[in-house]
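Before any comments, here is the structure.
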Amino acid sequence: MGYDLRAVIADEEALRGAARDLPAARLASIGQGLSLMPMADALFDSVADGSGVGTLGFWGLPGGFEKTLAAWSAGGPVAYVEAEYFGGVGEQRAAVWNGGGIVLGPLHVEEGQPFPPAGSPISQALRRLGVVASTGEDEFSAVGLDRHRHGEAWIA
């Protein structure tokens, strides 16, 4: 069974306000005051600037959308994360914007690479958003990103 996630994560109220003008955006609360906005096909199509996939090395970040994320980050940190796994093997990518610029990443751990001592790209991004993990868990599991295997399931 696979795991696939492409999403924006930020403070729940801030993300709700930022996404207000995006009819295709759907939000899901993930805990610790954060919400997740899956980059579903309809949302991708509505925010893409026509230049294809963005320049930061992400698979599913629409061209030009990094400028939107930078603008949204004026009010606080905003992360864009991607994970794709099948049979326990896969990749993660993450970046965090704050104050209008990138403050973390883009981070990338390729298939077969171990996570660095600081943790997975997504856990590092979540830490920048203020997520606190309990002993024996990482930030990824602390907000329950393992609850759904596919991004669209968060909004179903």
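Every number in this text was worked out from the coordinates using simple rules, so none of it is lab data. Just so it is clear, the structure is predicted and the values come from calculations on it, not from any experiment. Note: ideal-geometry Cβ built from the backbone for every residue, glycine included; neighbour counts use all protein chains shown.
Working from label points 7 Å from Cα in the Cα-to-Cβ sense, the Ser29 to Tyr85 distance is 2.6 nm.
A Stokes-Einstein calculation at 25 °C with viscosity 0.890 mPa s, built on the Kirkwood radius of the chain over Cα pairs, returns a diffusion coefficient of 159 µm²/s. Fully extending the segment from Tyr3 to Val132 would add 44.1 nm, taking 0.36 nm per residue of separation and subtracting the current Cα-Cα distance.
Available extension along the chain between Asp21 and Arg147 is 42.6 nm, counting 0.36 nm per residue and deducting the alpha carbon span.
In the chain, taking the dipole from charged Cβ atoms about the Cα centre, the farthest positive-side position among Ala74, Gln92, Pro23 is held by Ala74. At full extension, Phe115 and Ala42 could sit 23.1 nm farther apart than now, given 0.36 nm per residue minus the alpha carbon distance.
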